[in-house]
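The values are calculated or read from the model by the stated rules, or taken from the named source; none is laboratory data. What you see is a predicted model, and the numbers here were worked out from it, not measured in a lab. Cβ placement follows ideal geometry from the backbone for every residue including glycine, while neighbour counts extend to all protein chains displayed.
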Amino acid sequence: MGSVSGALLAVLVSTLLIRVLFLLVWKPFTVARWFRGQGVGGPGYRFFVGSVPEIRRMKAAGSEVVLDAGSHDFIPIVQPQFRKWVADYGKTFLYWFGAVPTVCVADVDLVKQVLTERTGLFPKNYLNANLEALLGKGLVLVNGEDWKRHRKVVHPAFNLEKLKAMSVVMADLAERMMQQWQSQIQKAGSHQAEVELSSEFSELTSDVIAHTAFGSSYKQGKEVFSAQKELQELAFSAALDIPVPDLLRKLKFPSSKRSMRVQKLDGKVRSMLMEIIQGRLAEKDTKGYGNDLLGLMLEARALEQEGHQMLTTQEIVDECKTFFFAGQDTTSHLLTWTMFLLSRYPDWQGKLREEVMRECGDAVPNPDTVAKLKLVNMVLLESLRLYSPVVFIRRAAGSDIQLGSIRLPKGTLLSIPIALLHRDKDVWGHDADEFNPARFEHGVSKAAANHPNALLSFSQGPRACIGQNFAMLEARIGIAMILQRFSFELSPKYVHAPKEAITLMPRFGLPMILRNLH
């Protein structure tokens, strides 16, 4: 009996070994040969780890870099591997995320093919379980019919009338923040004060999301945001973890301390969101579900389509996680980098202030008046180009598929380096590394010669960010109100070292000298 068991164990071990060798040796070899036959080169595959150690090494070197405040080329810090490999192998090349073949798509025409495809041939795929804990399986991450179902529910929350109602909340909360700044200036007694703006904008946009999307106060949502921030750091710290093949993952290795911390934080966030949801449900008979994003989702929960709930309670929790992060973090950084740029270019700061005073006067900006702020919009778009909050998009080939002249095998990952594409001189011209809002004078579609819609900060196509009008409205109102009240310049303490932690942020914050205009 023992010999039979031993023989069976030997067969199982040898079968497992053969499958592991196939996945980690033979398959990468054949895939690399397949791409080479199509003229696609790249750094060679290393057993199990792929290109990850080289990426880590380049990023570690980049993390030591500090830029001159006049330089906007942070690629050596954030995406050094793409800068090097595009120079070595061209705009389309193969590299390895562990044993997973990954094609860098840094050609704007190929990017357009990927992002505008409407039948789901290039689904979202991030290979990072911690990112799912951060965002939830909401609109950003789901694919196929689930995505269509989620979008149908969420989309009405961002129509024009809803945005107009949200703008009042945005302005009220921005007004409260600026009153605090004015108090700091008065206390300083020198007509000016230093304020660290990145944390201020983080709190502002958190409060806006909490009020407009979930009807809760910042105090109620503060613990959610605190846990989400830690989840963000943990998700980014796992971004270069070597993916373990499914075959080996089934062996159930012990969880790491980081994984256990992620699980604990995820549980905490979900519990807090359920409290908000249950509070709303308890009031539905007297107050209804509410007229915000959460209310719309709860209404959908009560409906059925073809015998199924439009959204389950857990799916609502996932969407809450998505919008608590995506709706807050990106807008916060858009405001931060725009203020950085306006402090660096005081002539543009002056032009924008003149425009704001002409169109808004001293009145609180609203959707109608900020729609007339053409220069403000141009600067915001140029800020998105140079300092896009999201610097990277990943998709996958959902089947064997043709991309341009290249045939991709099913399962190939696609990396789209937004930050690098936004500095491509073939697309944006000789001044691609420079701050030039005038390039957007005639709109986004005509900003890059021969390449309409080359601005990728909100992605494009059917999976473009559903909240981009919300983000741009909040940014226009915030910048306009600041320009009405303050002049500003960079603090001498500022250190220019952009860093990526899922989104792009200043590593050491944005200390700014604010002066009252009145």
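Values as computed for the structure displayed
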read-out	value
Region 368-401: number of residues that are polar (S, T, N, Q) and over 30 Å from residue 412 (Cβ atoms)	3
Where residue 354 falls short, out of the listed (1) surrounded by fewer than 22 Cβ atoms within 10 Å (Cβ to Cβ); (2) over 23 Å from residue 164 (Cβ atoms); (3) touching a helix residue (DSSP H, G or I) at 6+ places or on another chain (Cβ under 6 Å); (4) of a type outside the set (Val, Ile, Thr)	(3)
Any hit, region 123-139, residues being touching a Gly at 6+ places or on another chain (Cβ under 6 Å), farther than 30 Å from residue 197 by Cβ and either surrounded by fewer than 20 Cβ atoms within 10 Å (Cβ to Cβ) or not charged (D, E, K, R) (or both)	yes
Conditions (1) over 29 Å from residue 343 (Cα atoms); (2) at pLDDT 90 or above; (3) of a type in the set (Ser, Thr, Tyr): number failed by residue 212	(2)
Every pair of residues 6+ apart whose Cβ atoms lie under 7 Å, when the first sits in region 281-301 and is of a type in the set (Gly, Ala, Ser) while the second is surrounded by 17 or more Cβ atoms within 10 Å (Cβ to Cβ)	290/215; 290/280; 295/289; 300/153; 300/310; 300/311
Residue 107, sole failed condition from (1) of a type outside the set (Phe, Trp, Tyr); (2) surrounded by 17 or more Cβ atoms within 10 Å (Cβ to Cβ); (3) out of contact with any strand residue (DSSP E or B) (no Cβ under 8 Å at 6 or more places or on another chain)	(3)
Top-ranked residue in region 254-263 [being under 23 Å from the mean Cα position of the chain (by Cα) and of a type in the set (S, T, N, Q); ranked as surrounded by the most Cβ atoms within 10 Å (Cβ to Cβ)]	259
Residue that is surrounded by the most Cβ atoms within 10 Å (Cβ to Cβ) [pool: residues in region 31-49 that are closer than 14 Å to residue 100 by Cβ and out of contact with any helix residue (DSSP H, G or I) (no Cβ under 8 Å at 6 or more places or on another chain)]	35
Residues of region 172-190 satisfying the condition of being of a type outside the set (S, T, N, Q), more than 24 Å from the chain's Cα centre (by Cα) and in a helix (DSSP H, G or I)	172, 175, 176, 177, 178, 181, 185, 187, 188
Helices (runs of 4 or more DSSP H) contained entirely in region 28-116, each with at least 1 residues that are in contact (Cβ under 8 Å) with a residue 12 or more places away in the chain and farther than 23 Å from residue 505 by Cα	52-62, 80-89, 108-116
Boolean, residue 452 is within 20 Å of residue 113 (Cβ to Cβ), modelled with pLDDT under 95 and under 23 Å from the mean Cα position of the chain (by Cα)	yes
Options 434, 441; residue that is surrounded by fewer than 18 Cβ atoms within 10 Å (Cβ to Cβ), within 29 Å of residue 76 (Cα to Cα), charged (D, E, K, R) and more than 22 Å from the chain's Cα centre (by Cα)	434
Subset of region 264-297 [among the small types (Gly, Ala, Ser) and over 23 Å from the mean Cα position of the chain (by Cα)]	271, 279, 282, 288, 290, 295
Exclusive hit being touching a residue at least 12 places away in the same chain (Cβ under 8 Å) and hydrophobic (A, V, I, L, M, F, W, C), set 475, 432	475
Number of positions in region 366-407 that are within 27 Å of residue 164 (Cα to Cα) and among the acidic types (Asp, Glu)	2
Helices (runs of 4 or more DSSP H) lying entirely in region 289-383 (those with 2 or more residues that are modelled with pLDDT of 95 or more)	313-344, 346-359, 367-370
Residue within region 422-432 that is closer than 21 Å to residue 326 by Cβ and touching a helix residue (DSSP H, G or I) at 6+ places or on another chain (Cβ under 6 Å) present	yes
Matching residues in region 164-192 - criterion: being surrounded by 13 or more Cβ atoms within 10 Å (Cβ to Cβ) and of a type in the set (Ser, Thr, Tyr)	167
Selection from region 391-421 of residues that are part of a loop (DSSP other than H, G, I, E, B), of a type in the set (Val, Ile, Thr) and over 24 Å from residue 449 (Cβ atoms)	412
Check on residue 259, at pLDDT below 85, polar (S, T, N, Q) and closer than 28 Å to residue 501 by Cβ	no
